[in-house]
There are 2 protein chains.
Amino acid sequence: MDRDTTRGDQTHLTEFGENRMVSRFRQLANAATPPGVLLGPGDDTAILRVPADRVALLTCDMMAEGVHFRLDWATPWQIGWKAMAQNVSDIAAMGGEPGYAVASVSLPGSAPKQMAEEIAQGLIAAASEYGAALVGGDLVGSTGPVTIDVSLLGWVEEARALRRSGARPGDQILVTGALGASGAGLSLLLLGLTTARDADETAALAAHFTPRARVKEGRTLAATGCVTAMMDLSDGLAADLPRLCTESGVGARLYAAQIPIAPACAAVAPRVGAEALTLALTGGEDYELLFTCPASAAPYLAAEVGAATGTRVTAIGEVVPGDGIIMVDTAGNERPLGQGFDHFRVGA
Amino acid sequence: MDRDTTRGDQTHLTEFGENRMVSRFRQLANAATPPGVLLGPGDDTAILRVPADRVALLTCDMMAEGVHFRLDWATPWQIGWKAMAQNVSDIAAMGGEPGYAVASVSLPGSAPKQMAEEIAQGLIAAASEYGAALVGGDLVGSTGPVTIDVSLLGWVEEARALRRSGARPGDQILVTGALGASGAGLSLLLLGLTTARDADETAALAAHFTPRARVKEGRTLAATGCVTAMMDLSDGLAADLPRLCTESGVGARLYAAQIPIAPACAAVAPRVGAEALTLALTGGEDYELLFTCPASAAPYLAAEVGAATGTRVTAIGEVVPGDGIIMVDTAGNERPLGQGFDHFRVGA
């Protein structure tokens, strides 16, 4: 075996060189290439077959060290996985299927080449998990923090594409799965607890480091024809629902008692001095789907998603005229909902 | 007019906030949207119509402050332009047409919001120049250098896609346009000359800051059916030609006397203490097309490109069996060609 591909190799990128790193990256990506890839990494662009009867979906998400991840918390593989998974989640949120990704990574030249390779492996693993392929990339030796930007091309039947803008007063508001596990995981990390002590902490950290995207759920919902608006929960319900409402020109009422709290969140919250509901609303990075539909269709949608995927769907509120989000607490008191995470306005 | 859109506004991103920055970005992008964009920035993904009779081309390129640009040299608009143009050039190098781009930008929270806006305007201007559209993006508040990653989706008739791998011994090697102007511009900057003193310096700096992509030339070449391999010159002939040769499993002989030197390069080179030929070979960022074809077809290709675009095409060498690149100097002496720019091996 070539010395450069040996696991645990401490060769630095500077020493290894761009051409050889790109060759290695290519070797990794080409090992997991579906048939639609006519040409993978290594040329000026990839050449790709896209379904003729679909419209294309295109999205990108950037993750930066110190903002979205810390190298003393997450492994390079996990960072790669998450960078890909969050893009897959955006495609899922349109009711689409992910197809082809490209990824740009900037690393200090002093970084071990093993780091670049593990990031690539995480990217490829997450793409493969959802039937997508990494087909190209760029590698930059920078002076700054590790930065990963993934762009993902997917597709959907034109009539099934689910925008954020179709919610109407009277619609129910629903979410897939349960919320707060990723936020609970982050809270553990912020307290210095990087090693799980039980199954709940394991689940919370896994939710934070290796989130799943709800592709099958999104496809099932899109196929029903009943969903009026959909998005994924990346910044937390408290930040994301206002975006959906703004796009739709509506307001919302949420019922605290109905918000599905992930068991890991419920278990971990008291240990990190947080309310489980707060983590579920503001923790972010749950990558569940948030969607609306006519109230009469909600049971049907929940049954369809449950039958197709086993994932629970929960009604958490209703769309109302006007703007703003009202939270109804367990005692029946109403208050305006606060905001979630803003990359430039932390704590706002 | 909203105060936040006033030119010269010194509001910082931290104060302005992500949601409002994204709204502003969206407003800019939607003002320049072609009809194939069914949904532009602002949702989980863009929704795009792609031609049913084409294969897709997907590429990305990342630029980082301190590696690819300096904020005391280039304006944010120029940085945005270049980030887009280099991706357009990759599509051109496949013989394709650019369609839709997404861009991720990381900036310090202390950066003026005007900077983000000007970067976006440069991105959009370069996309529009080539009939493409910016359809989405991500904005990250980071602690590190300004980093811009653009991904571009384009398309080409499947049979016309031009890979790097088809060069055969006996083929001629050709380039569009002339080389070295961008390298000459960079050399001026490295000597502290940021203001042009004459038309040559103006041309050299323009080549460096606002490069053009050879889309029409690439389309014309692809339509001839005679090109055996093609790529764009981003890192310089000395670095890029070996890549084409490696992909094709061939070697090459280059004739120094035939390499077209840009007039701005020829004029500026002595002022910066460099040989014009060296700048043309190793300066990089010329974004001209490098391609090969059977020798008998070369005059036809040159005539076709000249007629369609006015751009000169020059034969600079020939493909030979084996590997390695031999440079034949003006005295007829042969020597192996050195390497160009490697992001992780500067000076290698």
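Okay, which of segment B:111-138 sit inside 15 Å, backbone N to the point 7 Å along the Cα-Cβ direction of residue B:11? Counting backbone N atoms under 15 Å from the label point, the list is B:111-118.
Find, among the trypsin sites (Lys or Arg not before Pro) in segment B:25-117, those assigned to loop by DSSP (not H, G, I, E, B) with at most 16 other beta-carbon atoms within 10 angstrom. Present the calculation step by step, with values, prior to reporting the outcome.
Working: sites: B:26, B:49, B:54, B:70, B:82, B:113; in loops: B:49, B:54, B:70.
Listed in order of number, the matching sites are B:49, B:70.
I'd like the mean, over residues of A:120-129, of how many other protein chain beta carbons sit within 10 Å of each residue's own Cβ. All intermediate terms of the calculation are to be shown ahead of the outcome.
Details: counts 0, 0, 0, 0, 0, 0, 0, 0, 0, 0.
Rounded to a whole number, the mean comes out at 0.
Rounded to the nearest 10 degrees, what's the angle between the helix B:298-309 long axis and the longest principal axis of chain B, both from Cα atoms, 0 to 90? Tilt of helix B:298-309: around 30 degrees. Classify segment B:73-149: rounded, prolate or oblate, from the alpha-carbon gyration tensor (a ≥ b ≥ c, eigenvalue square roots; a/c under 1.5 rounded; otherwise prolate if a/b is larger than b/c)? Note, shape of segment B:73-149 comes out prolate.
Relative contact order of segment B:85-136, please, whole-number percent, based on alpha carbon pairs below 8 angstrom and at least 6 residues apart. The partial results should precede the final answer.
Details: 35 pairs, mean separation 26.6, N = 52.
Here the relative contact order equals 51 percent.
Going by amide H atoms built from the backbone, whose H comes under 5 Å of the H on residue A:17, apart from near neighbours? The answer is none. Computed over segment A:88-193, relative contact order equals 39 percent, with contacts defined as Cα pairs under 8 Å that lie 6+ residues apart.
Our summary of shape: the Cα atoms of chain A have principal axis extents of 65, 50, 35 Å, ordered from largest down, in whole angstrom. For residue B:133, the residues whose amide H sits under 5 Å from its own are B:100, B:101, ignoring neighbours fewer than 5 places away on the same chain, with H placed 1.01 Å from N.
Compute the signed sum of charges (Lys and Arg +1, Asp and Glu -1) over the other residues within less than 11 Å, Cβ to Cβ, of residue B:103. Kindly include the intermediate steps, with their values, before the conclusion.
Values: positive: none; negative: A:149, B:61, B:138, B:149.
Residues close to residue B:103 contribute a combined charge of -4.
Across chain A, the relative contact order, built from alpha-carbon pairs under 8 Å that are at least six residues apart, equals 20 percent. Each 5 Å bin, from zero up to the one with the longest distance, holds this percent of the alpha carbon pairs of segment A:80-120: 5, 19, 26, 19, 13, 9, 7, 3, 0. For the listed residue pairs A:82/A:113; A:113/A:216; A:82/B:82; A:113/B:113, the alpha carbons are over 25 angstrom apart in A:113/A:216; A:82/B:82; A:113/B:113.
Short version: what are the Cα gyration tensor semi-axes of the protein assembly as shown, square root of 5 times each eigenvalue, largest first, in whole Å?
Values: eigenvalues 434, 122, 119 Å².
Taking √(5λ) for each eigenvalue gives 47, 25, 24 Å, largest first.
Shielding of peptide B:33-46 by partners, expressed as the average count of other chain Cβ atoms within 10 Å per residue Cβ, is 6. Normalised size of segment A:220-348, defined as Cα radius of gyration per 2.2 N^0.38 Å with N residues, equals 1.06. Here's how it looks for residue A:32: its modeled amide H is under 5 Å from none belonging to a residue 5 or more places away or on a different chain.
Rounded to the nearest whole Hz, the Karplus-based 3J(HN,Hα) values (6.51 cos²θ - 1.76 cosθ + 1.60, θ = phi - 60°) of segment A:50-63 follow the sequence 10, x, 6, 9, 10, 9, 7, 10, 9, 8, 8, 8, 10, 10, with x at glycine and proline. The other copies place their residue A:335 label points at 7.6 nm from this one, listed shortest first, where each point is 7 Å from Cα along Cα→Cβ.
Distances between copies at residue B:322, taken between label points 7 Å from Cα along the C-beta direction, are 8.3 nm in increasing order. Between the helical axis of B:199-209 and the longest alpha-carbon principal axis of chain B there is an angle of about 70 degrees.
Nearest 10 degrees, 0 to 90: what angle lies between the long axis of helix B:215-224 and the longest principal axis of chain B (Cα atoms)? It works out to around 40 degrees.
What is the sum of charges, Lys and Arg at +1 and Asp and Glu at -1, for the other residues whose Cβ falls under 9 Å from the Cβ of residue B:294?
Values: positive: B:168; negative: B:171.
Result for the local shell: 0.
Across the identical copies, the label point of residue B:110 (7 Å from Cα in the Cβ direction) is separated from its matches by 2.2 nm, in order from shortest. If one puts a single equal scatterer on every Cα of segment B:84-203 and applies the Debye formula without solvent, what log₁₀ I(q)/I(0) results at q = 0.15, 0.16, 0.17, 0.19 Å⁻¹? Here log10 of I(q) over I(0) equals -0.95, -1.02, -1.08, -1.15.
Since every read-out is calculated from the coordinates, none of them should be taken as a lab result. For clarity, every value in this text was computed on a predicted model and none was experimentally measured. Every residue, glycine among them, receives a Cβ derived from its backbone with ideal geometry; neighbour counts consider all protein chains shown.
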